[in-house]
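A.B. asks: Before I ask anything, here is the structure I am working with.
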Amino acid sequence: MQEVLGRIGSEQVAAVAPRAAARAARRLPVQVDWPLWAILLVQAAILLGVLGLWEAAASNGWVDAFFWSQPSAIFRTMIIFFTAGDAWTDIGFTFRSTVLGFLIGTVAGSLFGLSFWWSRNYAAIVQPYLICFESIPKLALAPLVILVFGLGLASKVVIATALTLVVSTLTTSAGVKALDQDQERLFYSLGASRLQVFRKLVIPACLPWVISVLRVNIGLALTGAIVGEFIASQHGLGRAILYAGQTYDIALVWVAVLVLSTLAVVMYATVSWIERTLRKGVRQ
């Protein structure tokens with residue numbers, strides 16, 4: 001009797017299971033990804049709509065054109081900025097200071113963090129100073145940096161380096177702490193020297209940590225360069241924004257901000273591409 005009841009129950013379960021699975025499958029949302037051209041078309045439509053509404057609002061007095069400017073005035077100012085102004089000089093100055101600060105801070109910070117592997121005592125002594133330096137608002141020290149290194153490129157590079165150096169150091173040191181001790185002991189058991197362990201194990205293991213901080217550092221380096229140009233500078237997009245604000249040339253402010261945003265997107269995309277390429281190399 002029990003066998004018959006068990007067989008009837010299993011048959012009922014087998015009959016109900018497909019229907020329950022079908023109902024669950026029907027409840028799953030289906031999302032269709034748009035093609036790239038459709039996404040770009042919608043983005044362009046939104047941008048044109050915002051610009052058209054802005055132009056109409058400024059032309060009809062709905063917003064104060066003196067404080068907000070308008071797209072037509074910004075376009076005319078952009079043409080003057082690139083044809084008769086110092087656009088390329090300012091862009092090149094900001095680009096150089098950002099890239100140099102990014103490279104110096106990332107490389108030096110990564111090497112500094114890797115050096116903690118050689119001595120735990122050395123790491124214990126140095127790390128509290130790094131944490132203290134990280135907690136200091138380094139942008140508040142920018143005026144002192146300007147006084148010491150002058151108005152030229154050097155002071156902007158120093159500020160950009162200061163913002164990226166500690167981040168790279170702390171990130172790489174975290175990679176050193178996460179190193180697999182069993183692998184390290186295995187290397188030593190096979191007769192490897194400390195230098196060989198460092199080259200063959202520590203650096204490859206910490207490389208993903210170094211790569212992960214690249215996109216953060218490019219933003220920090222650009223921030224440091226712009227802040228240095230805000231305080232005192234002979235060239236740069238930050239100086240152009242500051243000058244335009246002081247002279248109430250709102251159209252020029254928008255032009256400099258748009259150029260700066262474009263430069264930031266280009267550098268971020270470039271660093272993202274480098275990061276993806278390096279990650280593929282690490283996996284291989």
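A.B. asks: I'd like to check which helices (runs of 4 or more DSSP H) are fully inside the range 56-127 and have at least 1 residues that are free of Cβ contacts under 8 Å to residues at least 60 places away in the same chain and under 24 Å from the mean Cα position of the chain (by Cα). Reasoning before the result, please.
C.D. replies: Values: elements: 65-68, 71-83, 87-114.
So the answer is 87-114.
A.B. asks: Just the residues that are touching a residue at least 40 places away in the same chain (Cβ under 8 Å) and either among the hydrophobic types (A, V, I, L, M, F, W, C) or more than 17 Å from residue 115 (Cβ to Cβ) (or both), please, taken from the range 175-199.
C.D. replies: 176, 179, 198
A.B. asks: Right, residue 141: without any contact (Cβ under 8 Å) to a residue 24 or more places away in the chain, under 14 Å from residue 227 (Cα atoms), assigned by TED's automatic domain parsing to the domain that holds residue 112 and outside any loop (DSSP other than H, G, I, E, B) or not? Before you say what the answer is, go through the steps one by one.
C.D. replies: Working: without any contact (Cβ under 8 Å) to a residue 24 or more places away in the chain: yes; under 14 Å from residue 227 (Cα atoms): yes; assigned by TED's automatic domain parsing to the domain that holds residue 112: yes; outside any loop (DSSP other than H, G, I, E, B): yes.
Spelling it out, residue 141 is indeed without any contact (Cβ under 8 Å) to a residue 24 or more places away in the chain, under 14 Å from residue 227 (Cα atoms), assigned by TED's automatic domain parsing to the domain that holds residue 112 and outside any loop (DSSP other than H, G, I, E, B).
A.B. asks: Within the range 137-153, work out how many residues are more than 21 Å from the chain's Cα centre (by Cα) and surrounded by fewer than 16 Cβ atoms within 10 Å (Cβ to Cβ). Working first, answer last.
C.D. replies: Initial filter on the range 137-153 (more than 21 Å from the chain's Cα centre (by Cα)): 140-153.
Right, trim to surrounded by fewer than 16 Cβ atoms within 10 Å (Cβ to Cβ) and you get 140-141, 143-144, 147-148, 150, 152.
Final tally of qualifying residues: 8.
A.B. asks: Further, regarding this structure: Give all pairs with beta carbons closer than 6 Å in which a residue from the range 224-245 that is closer than 14 Å to residue 155 by Cα meets a residue that is among the hydrophobic types (A, V, I, L, M, F, W, C) and not in a helix (DSSP H, G or I); count only pairs at least 6 apart in sequence or on separate chains.
C.D. replies: So the pair list comes out as 232/151; 233/151; 234/151.
A.B. asks: Which helices (runs of 4 or more DSSP H) does the range 173-284 wholly contain that include 2 or more residues that are over 29 Å from residue 79 (Cβ atoms) and among the polar types (S, T, N, Q)?
C.D. replies: Numbers: elements: 181-189, 194-197, 203-212, 214-231, 237-246, 250-283.
So the answer is 181-189, 250-283.
A.B. asks: Here's a follow-up. Read through the list (1) among the β-branched types (Val, Ile, Thr); (2) surrounded by 19 or more Cβ atoms within 10 Å (Cβ to Cβ); (3) modelled with pLDDT of 90 or more, then give the number of the only condition that residue 231 fails.
C.D. replies: So the condition that residue 231 fails would be (3).
A.B. asks: Let me ask you something else. Quick one: count up the residues across the range 51-87 that are under 16 Å from residue 247 (Cβ atoms) and of a type outside the set (A, V, I, L, M, F, W, C).
C.D. replies: Matching residues across the range 51-87 total 4.
A.B. asks: Further question: Which one of 112, 149, 116, 102 is in the same structural domain as residue 270 (by TED's automatic domain parsing) and closer than 10 Å to residue 228 by Cβ?
C.D. replies: 149
The values are calculated or read from the model by the stated rules, or taken from the named source; none is laboratory data. Keep in mind it's a predicted model, so treat the numbers as computed, not measured. Neighbour counts are summed over all protein chains in view; Cβ atoms, including those assigned to glycine, are modelled from backbone coordinates with ideal geometry.
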